[in-house]
Amino acid sequence: MQERVKKDPEREFRVVGTRPIRPDGADKVTGRAKFGADFKMAGQLVGKVLRSPHAHARIKGIDVSKAAVLPGVKAIVTRDDFKDQGSEFVPAGEMLVNYRDVVRNVLAREKALFEGHPIAAVAATSEKIAREALRLIKVDYEVLPHVLDAVEAMKPDAPVLHEDMITAGVTPPPTKASNVAKRIEFVMGDIQKGFKDADVIVEREFNTKPVHQGYIEPHAVVASVSEDGSAEVWVTTQGHWIVRAHCARLLGWDISKIRVTASEIGGGFGGKTVVYLEPLALALSKKARKPVKMVMNREEVFRASGPTSGANIWVKIGAKKDGRIVAGEAILKYQAGAFQGSPVQPGCMCAFAPYDLENVKVVGYDVVTNRPKVAAYRAPGGPISEYAVESVVDEIAEQLGLDPIEMRLKNAAKEGTKAAYGPKFGPIGLVEGLEAAKGSPHWNAPLGKNQGRGIAAGFWFNIGGETTVSLQLNEDGTLSLMAGTPDVGGLRASLSMMAAEELGVDVAKVRPIIADTSSLGYNFLTGGSRSTFSSGMATVEAARAMIKEACVRASKLWEIPLDAVTWEDGKVRPAGDNAGKHEAMDLGDIAKIAGKTGGPIVGYSAITAHGAAPSFGVHIADAEVDPETGKTTITRYTVIQDAGKAVHPAYVEGQFQGGAAQGIGWALNEEYIYDDNGRLENPGFLDYRMPVASDLPMIDTIIVEVPNPRHPYGVRGVGETPIVPPMAAIAAAVKRASGVRFFELPMSPPKILAGMKAVKANGGAKATT
Amino acid sequence: MRYEAPDTIDAAVKLLAGEAGLARVLAGGTDLLVQMRSDVVSPDLVVDIKKISELRQVKEEAGGFRVGAAVTGAELKEHAKLPKAWPGLVEAANLIGSTQVQGRATMGGNLCNGSPAADSVPGLIAAGATATLVGPNGRRDLKVEDIMLAPRKLALTKGEIVASFLLPARPARSSDAYLRFIPRTEMDIAVVGCGVSLTLDPSGTCTAARVSLGAVAARPLLVEDAAKAIIGTKLNHAALAKLEAAARAACKPIDDKRGTVEFRIDVAGVLARRAALIAQERARKA
Amino acid sequence: MAKHHVSATVNGDAVEFLCESEQTLLDCLRDELDLTGAKEGCSSGDCGACSVMVDGRLVCSCLVLGVEASGKSIETIEGLSDGEKLHPLQQKFLEHAALQCGICTPGFLVASKALLEKHPNPTETEIRYWLAGNLCRCTGYDKIIRAVIDAAAEMRGA
């Protein structure tokens, strides 16, 4: 079932809101589309990475002498081939990266900090030879004690990963190094007073495991460096300008020397916003003077590319008898992996964002551990903190005997609400979403045996950022659109629709591409749910620039003043006194006169997009729990979310459904499992259990449309919010189905069965795990 | 690595027996290729047995069936008679991996991969299947429960191949069932597996039964006490309770990434009961 | 060790290639025959992105050795459409927006075609179980299942 709930439809659209076939579709259903590993260059070498078998070890020496003389080996790089970098943070998606750490994540320097940490890379004439060369590299390790868990890593006697890391955000600064990179705090009002006023207070501790983005396409790159130092890179990435920036910085090359082309991307979800192989491939290619192709296998993806944080969360909420929340407090401890930079900050900002509260305090700790460095994963940080808060909200509603939707409506953020993290919300669609949930067929349907229903709300930001779009009017009146935010799930469809809408042409006349870094101005990456919002805004602006130019050309042709020309219904028309004196011209007509009226016509927009507006979602989940095995089946699921304006509703629904499915995996089965030596035990899709088709029901959607007033078409980013509510919604459903409330993810069958047995043993008393 | 694909079983045995390095048999390849790819094994010789017709056939024999060790799960399912006679065993073989994997994976490979969690092995053990082995010293028969000794350790000698399985003749009112527990609905390795085969008399009393458990010990188990619990009963409440208890008592599981000791023991009892009831229902109609 | 000389039929065309014993059919299709429609997502038979048909049987090409293809008939995503005309499954995947990133799409299409050849009128549950070996991380499967149901109806002439 797909529904739409509209609020004040302000304008009628011709193209926006329809469901045309995506312009890159035919290539993707015929196998023609070129993804990262599908590129090939004549004479290319195969690059492979040697990785640490230890979770934590000092690297006393690396001897490549035997590997270097193996026939077929053309280049080897180690830490000695990369200059050290100073500590400096730069934005990457919703997260920051520090070049001191980026260079160490690409190749270990002093220490190997996680199992899978790259130690050296080899380029050889075949994969077989490259693998043999890796075996011949001798690394002298001094194995050190390791720590995997954030709470453990915060203890005073924990092994310290970085001997120079002093906790930031604490006054006075600590004198001793620790694994806590920083402490952050958001405070609003007076929580002590708030809790004093509360009729009911619930305080709970939660634990979550790291989960991986799980994109089906492993990281892949082909790099070719010429003798003059100019470089070509083909890579699967969410941001090729970011790849260019990071590589130029790590290699000390001019940015202009590196041209990066983004391949089709086989899923990213935040995980392809950082560099792993790219600097290695470039360094190898420069040394070998041949193109180098590097592709991770699935095991490497799991061991060495970023999952999101596992975390420990403590939440305390106080409410009045009528359900009004009077105080909310949370402490979040997020694993960052080997280097600082967990998404604990957005986690803190999101924690209570769905609610209009007076008294809030959230404290976060960014904690390094001997795991792969986390990367962004769809709404990074938000799903973890909001899972905990929403679970406590559900428990309070239950204690007060309130309907969980009513409880949320009583506290819901709305236009003008001041968020605990600072800003006041503009028009937002949470109340509309909750009302839509209340009236949905799902919420009002009966439940079967051993089934329970849960609901949860969720919030995520939307970002703007640097964006460039170029729109060329071709000689025949068709249009070529160049954007620079890689298309992860229908962007080219939305952009061509927005261009067509604005220009009054058929959507099939607009052919969009994702341009390389030398063909278009700078673009920040696809992340923060920004690509439809930002590249869409730039597309509309580029189209408007083209319209303006079309008017100029017509006025020249007609020899009338520019202000005597208007654009209406997709045509330039003479206006005022001249109305009717000349035949109106569409873009096809304008294209024919472009040469003689001043030259080619290009609409261009290079902007920092502002006015991004957050999106709220509400999810309803039905779970059936087998009382004898603890196995949970999701029997029905509905996603309700504010899209501002759904440009291509099918791809908006797709975002809703895909986020929900990832959340279901997070809730029930996905987790990183380590052995006692800090080695990952499930680096494959067999035991890292993402949902398969038979695990899921159809996922119903209701698109709420509360337009974002700061986007020309009302668009909000929608991609990330859908992964925020599922864990709490499912936990609430499992509680009602099994009688047990769980405080740990994943809610895997052994935990659920043990929880139900404990309840039975207590004679039905409330048990917690 | 050498690849050979002989078309007689004797040639295959000769190749395997004569290899000085590491030799591996390739049937469906759904375990072997994964292990080769991840450097778990690096064989010097791979002998593909799929061109040996004896290993690729299902034949009726002695009132039962002789199933070639290299017959795929999908082929078992498509066989005209087998799914009706041995629905549990055919289901077990078709629980291994995806549709794609079922097009390749074989019961011989499933057994010889030497995993305690192999799905088709409890099915074969419950069925009372006998494996025919062919080696440098000729042919011999072994009960399937006597083949796997411990994880990755088999009772096979160097050069010996599992050629086929003999499924015995079925009395009237006999059937079987296999259930496994996995966290998802598909694509997982069994956390617990249980095969039950039984025969009813005209009054519905169970006259013969075999119960086998997988993934709860170092090797798949034939649990005679569990069978005894239901033989002579109509699988009433008390008999099923005894069956559950016997199944649980037989478990010697480990804690690992797929499940805990406690969970495996609990679920083994549940699956034994559920599988027995399914087998009973089927036997009534058989 | 000398390479194997393999002759096979791919999408109806006779092909020959050389391969080493360890190379998988997937490697051979992608690296030796430049047919990159089948994708490598896991190399362990868990994701289905490399699905192809071998002598009419759906398999993961990462779990088949290249040398095993000798004398066999292979069908890949590149052979699914009939000239310019897309197969009904391809058309329905586009109409239903049953793909986002598209990396899993070739595998889903090949597997779905195999399903509909065997079961022209599958239930939703049958489709879900048949496709359980094809992982998709983008769509939550909803639109994929709908596209297969719709294509099946069209192919039955319904």
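None of the figures in this text is laboratory data; all of them are computed from the coordinates on show. Note that this is a predicted model, so its numbers are computed, not measured. Ideal geometry is used to build each Cβ from the backbone, glycine not excepted, and the neighbour counts take in all protein chains shown.
Restricting attention to the alpha-carbon atoms of the range A:632-732, what are Rg (one decimal) and Dmax (integer), both in Å?
Just the Cα atoms of the range A:632-732 yield Rg and Dmax of 16.6, 55 Å.
Using the Karplus curve 6.51 cos²θ - 1.76 cosθ + 1.60 with θ = phi - 60°, what ³J(HN,Hα) values do you get for each residue of the range A:96-112, in whole Hz, with x for Gly and Pro?
Ordered by residue, 3J(HN,Hα) equals 10, 10, 10, 4, 4, 7, 4, 5, 6, 6, 5, 8, 4, 10, 5, 9, 8 Hz.
Residues of the range A:478-493 with backbone nitrogen within less than 11 Å of a virtual label 7 Å along the Cα-to-Cβ line of A:VAL602, please, listed as ranges.
From the range A:478-493, the list is A:482.
For the pair A:SER230 and C:LYS3, what calculated FRET efficiency results from E = 1/(1 + (r/R0)^6), where r is the Cβ-Cβ distance and R0 = 30 Å, to the nearest 0.05?
After rounding, the FRET efficiency stands at 0.25.
Run through the DSSP bridge list for the protein assembly as shown and note the antiparallel percent, rounded to the nearest 5.
Approximately 75 percent, going by the DSSP bridge assignments.
Tell me the trypsin sites (Lys or Arg not before Pro) within the range B:116-188 that lie in a loop according to DSSP and have at most 14 other beta-carbon atoms within 10 Å.
Loop-located and lightly packed - B:ARG152, B:LYS158.
Among A:ALA643, A:GLY665, A:PHE616, whose Cα projects farthest towards the positive end of the dipole of the range A:550-669, with charges put on the beta-carbon of Lys, Arg (+1) and Asp, Glu (-1)?
With unit charges placed on the Cβ atoms, the residue in question is A:ALA643.
Can you give me the three principal axis dimensions of the range C:1-73 from its C-alpha atoms, in Å, biggest first?
Principal-axis extents of the range C:1-73 (Cα, largest first): 30, 29, 19 Å.
Zone of A:ARG324 (label point 7 Å along Cα→Cβ, backbone N under 12 Å): which residues in the range A:404-428?
Taking a point 7 Å out along Cα→Cβ of A:ARG324, the residues of the range A:404-428 whose backbone N falls under 12 Å are A:410-411.
Taking amide H positions as placed in the peptide plane 1.01 Å from N, state which residues far from A:LYS111 in sequence (5 or more) or on other chains have amide H under 5 Å from it.
Residues meeting the criterion, in which the H sits 1.01 Å from N, are A:ILE59.
I'd like to know how the range A:21-116 sits against the 2.2 N^0.38 Å rule of thumb: what's its Cα Rg over that expected value?
For the range A:21-116, the normalised Cα radius of gyration comes out at 1.52.
Between B:VAL25 and residues 5 or more places away or on another chain, which pairs have amide H atoms under 5 Å apart, with H built 1.01 Å from N, and which residues are they?
B:VAL47
How far, in nm, would the chain grow between A:GLN192 and A:LYS60 when pulled straight, counting 0.36 nm per residue and subtracting the alpha carbon separation?
Separation in residues times 0.36 nm, less the Cα-Cα distance, equals 42.3 nm.
How far is helix B:9-18 tilted, in degrees, relative to the longest principal axis of the Cα atoms in chain B, given as a value from 0 to 90 rounded to the nearest 10?
That helix lies at roughly 70 degrees to the long axis.
Across every pair of different alpha-carbon atoms, what Kirkwood hydrodynamic radius in Å does the range A:342-395 reach?
One over the average 1/r among Cα pairs gives 12.2 Å for the range A:342-395.
Of C:HIS4, C:CYS62, C:THR125, which is farthest towards the positive pole of chain C's charge dipole, taken about the Cα centre with +1 and -1 on the beta-carbons of Lys, Arg and Asp, Glu respectively?
C:THR125
Less than 10 Å Cβ to Cβ from C:ARG128, Lys/Arg counted +1 and Asp/Glu -1: what total charge do the surrounding residues give?
For residues surrounding C:ARG128, the net value is -4.
Give me the one-decimal nm value for the distance between modelled label points at B:ALA238 and A:LYS34, 7 Å along each residue's Cα-to-Cβ direction.
Those two pseudo-labels are separated by 7.6 nm.
Would you please classify the overall shape of chain A from the alpha carbon gyration tensor, given that a ≥ b ≥ c denote the square roots of the eigenvalues, rounded means a/c under 1.5, and beyond that prolate means a/b larger than b/c while oblate covers the rest?
oblate
What is the spin-label model distance, in nm, from A:SER480 to C:LEU18 if the labels are put 7 Å beyond Cα along the C-beta direction?
4.0
Could you quote the convex hull projected area for chain C, Cα atoms only and averaged over all directions, in nm²?
About 9.0 nm², averaged over all directions.
Report the gain in length on full extension from B:ASN137 to B:SER53: 0.36 nm times residue separation, minus Cα-Cα distance, nm rounded to one decimal.
28.2 nm
Hand me the GluC sites (Glu not before Pro) from the range B:50-98 located in a DSSP loop with no more than 11 other Cβ atoms within 10 Å, in residue order please.
Qualifying residues, ordered by number: none.
Mind grabbing the base-10 log of I(q)/I(0) for chain B at q = 0.16 Å⁻¹? Debye formula, identical points on the C-alpha positions, no solvent, two decimal places.
With one equal scatterer per Cα and no solvent, log10 I(q)/I(0) is -1.22.
Apply the Karplus parameterisation 6.51 cos²θ - 1.76 cosθ + 1.60, with θ equal to phi minus 60°, to every residue of the range A:648-657 and state each ³J(HN,Hα) to the nearest whole Hz, in sequence, with x for glycine and proline.
Taking θ as phi minus 60°, the curve returns 10, x, 5, 7, 5, 4, x, 4, 4, 5 Hz for the range A:648-657.
On a full-extension model of 0.36 nm per residue, what is the gain between A:LYS128 and A:LYS155, subtracting their alpha-carbon distance, rounded to one decimal in nm?
Stretched fully, the A:LYS128-A:LYS155 segment lengthens by 5.3 nm.
Please compute the modelled spin-label separation between B:VAL41 and A:LYS581, points set 7 Å along Cα→Cβ, answer in nm with one decimal.
Once both label points are built, they end up 8.9 nm from each other.
Could you work out Rg/(2.2 N^0.38 Å) for the range C:88-155, with Rg from alpha carbons only?
It is 0.95.
Going by a ≥ b ≥ c, the root eigenvalues of the Cα gyration tensor, does the range C:42-114 fall in the rounded group (a/c under 1.5), the prolate group (a/b larger than b/c) or the oblate group?
It is oblate, given that a/c is not under 1.5 and a/b is not larger than b/c.
Under the rule of at least 5 residues apart or a separate chain, name every residue whose amide H is placed under 5 Å from the amide H of B:SER115.
Those qualifying (amide H under 5 Å, at least 5 residues apart or on another chain) are B:ARG152.
Which percent, to the nearest 5, of DSSP beta bridges fully inside the range C:4-79 are antiparallel?
In the range C:4-79, DSSP labels about 90 percent of beta bridges as antiparallel.
At a Förster distance of 45 Å, what's the computed FRET efficiency of A:LYS287 paired with A:LEU96, Cβ-Cβ distance as r, to 0.05?
That gives a FRET efficiency of 0.90.
What is the Cα centroid distance between the range A:220-291 and the range A:577-627, reported in whole angstrom?
Computed from Cα coordinates, the inter-centre distance equals 31 Å.
Rounded, prolate or oblate: which fits the range B:174-285 when a ≥ b ≥ c are the square roots of the eigenvalues of the alpha-carbon gyration tensor, with rounded for a/c under 1.5 and prolate only if a/b beats b/c?
Note, shape of the range B:174-285 comes out prolate.
Using θ = phi - 60° and the Karplus relation 6.51 cos²θ - 1.76 cosθ + 1.60, list the HN-Hα couplings for the range A:311-327 in order, rounded to whole Hz, with x at every Gly or Pro.
Residue by residue, the range A:311-327 yields 8, 10, 10, 10, 10, 9, 10, x, 9, 7, 4, 7, x, 6, 7, 10, 7 Hz.
When only DSSP loop residues count, what GluC sites (Glu not before Pro) in the range C:69-136 have their Cβ near at most 10 other Cβ atoms within 10 Å?
Answer by residue number: C:GLU84.
Quick check of the Kirkwood formula: for the range B:76-202, what is the inverse mean of 1/r over all pairs of different Cα atoms, in Å?
15.2
When N counts the residues of the range A:461-573, how does its alpha-carbon radius of gyration compare numerically with 2.2 N^0.38 Å, as a ratio?
1.13
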